[in-house]
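Below is one structure, written out as structure tokens; comments come after it.
The values are calculated or read from the model by the stated rules, or taken from the named source; none is laboratory data. In this text, all values refer to a predicted model and were calculated from it rather than measured experimentally. A quick note on method: Cβ atoms are made from the backbone with ideal geometry, for glycine too, and the neighbour counts reach across all protein chains shown. Just the protein is used for accessible areas: all its heavy atoms, side chains included, with ligands, DNA and RNA removed. Shrake-Rupley method; radii C 1.70, N 1.55, O 1.52, S 1.80 Å.
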Amino acid sequence: MDNSDPRVESGETQKVTAKVKAESSIGIGWIAALPPLVLALVFATGLPAIADGETLRFVYEWVPSAGINLTFLVDGLSLTFALLIAGIGAVVALFSSVTLAGHVHYWRFVFYLLFFMFAMLGLVLADNLITLFVFWELTSVASYLLIGFNHSTAKARRSALQALLVTGGGGLALLAGFILLGSAAGTYELSEIMAMGDTIRDHALYLPIFFLVLAGAFTKSAQVPFHFWLPNAMAAPTPVSAYLHSATMVKGGIYLLARMHPALSGTEVWLWTLTLFGAVTAVFASVLALRQTDLKLALAYTTLMALGTLTMFLGSGATIAIAAAVTFLIVHSFYKAALFLIVGIIDYRAGTRETSELGGLAKVMPVTAFAAAAAALSMAGFPPFLGFIGKELKYEGALAVASEPLFVATAAVLANALMVAIAGIVALKPFYGPRLETPKSPREAPLFMWIGPLGLAVLGLVFGLMPGLISASLVQPAVTAIAGQPEEVKLALWHGLNLPLLLSVVTFVLGISFYLGHQKLRGFLVRVEQRLPATADEMWDRFLDGLKASAAWQTRILQGGILRRYLFVVFATTALGGVVTLYVTDAARWPEILPDFTIKHLLVVGLIAGGAIMTVFAGSRLAAICALGVVGMGVALIFVIFGAPDVAITQLLVETLVVILVAVVMLRLPSLERDPMKGARIFDAILALVVGGVVTVILLSVLDTPLDRTITAYFEEKSMPEAFGRNIVNVILVDFRALDTFGEIAVVAVAALGAYVLIKGTKKAKQQ
């Protein structure tokens, strides 16, 4: 006899099933990493050609009549971004195969991740403004899906929506900027626009273009005051955070600024706007990073620092400043992806990311500790890592800013010093010192987890010792693309004893001091934050609450459930739009637009007006429908007068049929009740007169305009040979507008089915 509990068996079975799923996900995790790895290798094959100064361009017609093509360009800038996106994408995909092993939606996550990579690659390779915008918006959609991947939590849903709204709003501004830019340049092809810098800068639309493009770039790259959405995006799984912060979405805004540099830079507004906003973002974010106790959040704020620094240097036109931006872009991608993944390992193995709960992990996680140390040293800018070269170039670039070298250099030193402190907090605090108890018993991570961050950290060391590997192949071509002219850039680990080296020493001294006193500084920052009336994130919530309250108030006013009010609002809006259009375009040119009226015209107009007035003041429904029929008869007479007897006959038949059918139905309806809003009829009458007058003036203005017979001539020419029909109206409806006509028929059919169901349901209800 079997006395086993089936519930226990079910629980054991579930555990075994989950374990099998987890092991299978880890075993085939390389499949998710294969597409980005292959793409990275494909892009790497283009390095020699791009280093020799070549560019590759691929054009596919999309909407040729509007000048919109699926055009893709591979130059130094796009290739650098493409390699980072694909290469780090492979590392992140491999890492996630372990952290999300056994997750019920693992393959959905893989799809989102690859979709994100596809959108980013399309963005950086696009050579057409509209193509770029399409991929720009796809990155927002993909990031929304990834940030909200753990959709069962309110935090993930809120963070995903916040990111979508902020970047989506910036995307709308960017679209407007692209349309104006295409109008000013006469083309939507980026490669052509980049060669028209002087023309665009002298154009009357330059300032609107600049600020609209900047709104898109600043929201995507989280510059102050749009910085708050990026730390909240940490609700996403750690692999997503690593990808988002190192190589993808937030770098999209930086890419846009770099790509637009040849066309929009070189003006005072470009220089000062990018320099000021970039410097404020870099220093402000660095301070906020020191305040965080969650390692992931601290790294998120250091990303803001990096984005601000890149923006600040892209504001300058100096070659050394652009070279500093490109080098730091590569440096940041390596160490930031590595450190995020290392924090993911710590959380996965120790069960916490809080600095107060971590310590002494190096003994049980030696490989992770080594990778963390190497990535953090590059982040802090210590030699011989690539981060040191990037920091030296940043100081050289800061001193090369002609307008305000002291301001830029000071901002760079403060931000870098704080980065030294954060690097110590992330790489030293969890791994060294006394061992602290953690929620989980930590041990070294699987190979698929530490191989990626270790490889990225080692690359920072290799490229630091041998900077020539990326100097001619990546940095110089990218600088050339951003500057819009050939530039020579050489990276070196040692530049001699100079002012940038002195600034590096000052940075290390300040950074170490900040690290040693970070507990007191953190306490001070917490007290300051508590005294603030609201944080940027809280201001966003208040903004949304105000928006919802405004929408509710507007809905109560405009959509209160009264049909008359609905119609009044619709027609009032129509009248206002018509009046404004007539005024702005000066279309109503009196008395040129007035036609030559005859007695018969006036009689017909009087008949229609009389029928309309009778309809309004009729005391019964039957009288009202008959009066409305008089209006229809008058319209039929207009068709007769102007030579359209077939349309007039149709109108007469329809009016007669409608009057008869409605009259039959009305015999079964009760008498009209007294209108409770009879006093409002005067406003209805005024609105009716205004709408009628505006429509009349618009029609008269249109008739006064010379007729463009382009479309008419086209249909006259094509109807017989292509559609085999002499009746042009029928040919248009059946052939040229076949899909539209089919849609109209479908609407009528659906409405008829709906009416049939309602009538049938009413009969059954009465029978019951």
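With Rg and the Kirkwood Rh both taken from Cα atoms, where does Rg over Rh land for the chain? Spell out each step's value before the answer.
Working: Rg = 34.2 Å, Rh = 31.1 Å.
With Rh from the inverse mean 1/r over Cα pairs, Rg/Rh is 1.10.
Beyond 29 Å between alpha-carbons counts as too far, so tell me which of Lys336/Lys394; Lys429/Lys490; Lys251/Lys520; Lys155/Lys394; Lys296/Lys394 fall in that bin. Intermediate values should be presented prior to the final figure.
On the way: Lys336/Lys394 18 Å; Lys429/Lys490 36 Å; Lys251/Lys520 33 Å; Lys155/Lys394 37 Å; Lys296/Lys394 26 Å.
Distance filter (> 29 Å) returns Lys429/Lys490; Lys251/Lys520; Lys155/Lys394.
Measure nothing fancy, just the Cα-based angle from helix 645-666's long axis to the longest principal axis of the chain, in degrees from 0 to 90, nearest 10.
Once rounded, one gets 90 degrees.
Please give the direction-averaged projected area of the C-alpha convex hull for the stretch 503-655, in square nanometres with one decimal. Before the final figure, lay out the partial values.
Details: hull surface 88.5 nm².
In nm², the orientation-averaged hull projection of the stretch 503-655 is 22.1.
Please find the FRET efficiency linking Ala536 to Glu54, where r is the Cβ-Cβ separation and R0 is fixed at 60 Å, and quote it to the nearest 0.05. Before the final figure, lay out the partial values.
Values: r = 45 Å, r/R0 = 0.74.
Once the sixth-power term is evaluated, E becomes 0.85.
Cα centroids of the stretch 359-386 and the stretch 264-285: how far apart, whole angstrom?
That distance is 32 Å.
Expressed as an acute angle from 0 to 90° and rounded to the nearest 10, what is the orientation of the C-alpha long axis of helix 6-27 relative to the principal long axis of the chain?
Orientation of helix 6-27: about 80 degrees from the principal axis.
In whole percent, how big is the carbon plus sulfur part of the accessible area of the chain, probe 1.4 Å, protein atoms only? List each step's numbers first, then the result.
Working: 26380 of 37930 Å².
Answer for the chain is 70 percent, counting heavy atoms of protein chains only.
Pairing the Cα long axis of helix 621-641 with the longest principal axis of the chain, what angle in degrees results, from 0 to 90 and rounded to the nearest 10?
90
At a threshold of 8 angstrom on Cα-Cα distance, excluding pairs fewer than six apart, so keeping six or more, what relative contact order does the chain reach in percent? Present the calculation step by step, with values, prior to reporting the outcome.
On the way: 1076 pairs, mean separation 77.0, N = 768.
Answer for the chain is 10 percent.
Could you work out the local net charge near Thr267, counting Lys and Arg as +1, Asp and Glu as -1, over the other residues with Cβ closer than 13 Å to its Cβ?
Details: positive: Arg201; negative: Asp198, Asp202, Glu268.
Once positives and negatives cancel, what remains is -2.
Please compute the contact order of the stretch 412-563 in relative form: average sequence separation of alpha-carbon pairs under 8 Å and at least six residues apart, divided by the residue count, as a percent. Numbers along the way, then the final one.
Values: 59 pairs, mean separation 57.3, N = 152.
After rounding, I find 38 percent.
For every other residue with a beta carbon closer than 11 angstrom to the beta carbon of Gly46, add +1 if it is Lys or Arg and -1 if Asp or Glu, then tell me the sum. Walk me through the intermediate numbers first.
Details: positive: none; negative: Asp52, Glu54, Asp75.
Net local charge, Gly46 excluded: -3.
Quickly rank 316-326, 559-569 as a protection proxy: mean count of other C-beta atoms within 10 Å, highest first. Intermediate values should be presented prior to the final figure.
Details: 316-326: 24.7, 559-569: 11.5.
Ranked from most to least packed, the peptides come out as 316-326, 559-569.
I'd like to check one number: the per residue accessible area of the chain, probe 1.4 Å, reported in Å² as a whole number.
Details: 37930 Å² over 768 residues.
So the chain comes to 49 Å² accessible per residue, rounded to a whole number.
Could you give the nm distance between label points at Asp545 and Leu657, where each point is 7 Å from its Cα heading toward the beta carbon?
For the pair Asp545/Leu657, the computed spacing is 5.8 nm.
Taking Cα centroids, how far is the stretch 497-519 from the stretch 732-748 in Å?
Each part reduced to its Cα centre gives a spacing of 73 Å.
Take the alpha-carbon centre of the stretch 73-88, take the same for the stretch 129-145, and report the distance between them in whole Å.
17
Can you list the residues of the stretch 242-276 with backbone N under 20 Å from a point 7 Å past the Cα of Phe407, pointing along Cα to Cβ?
265-276
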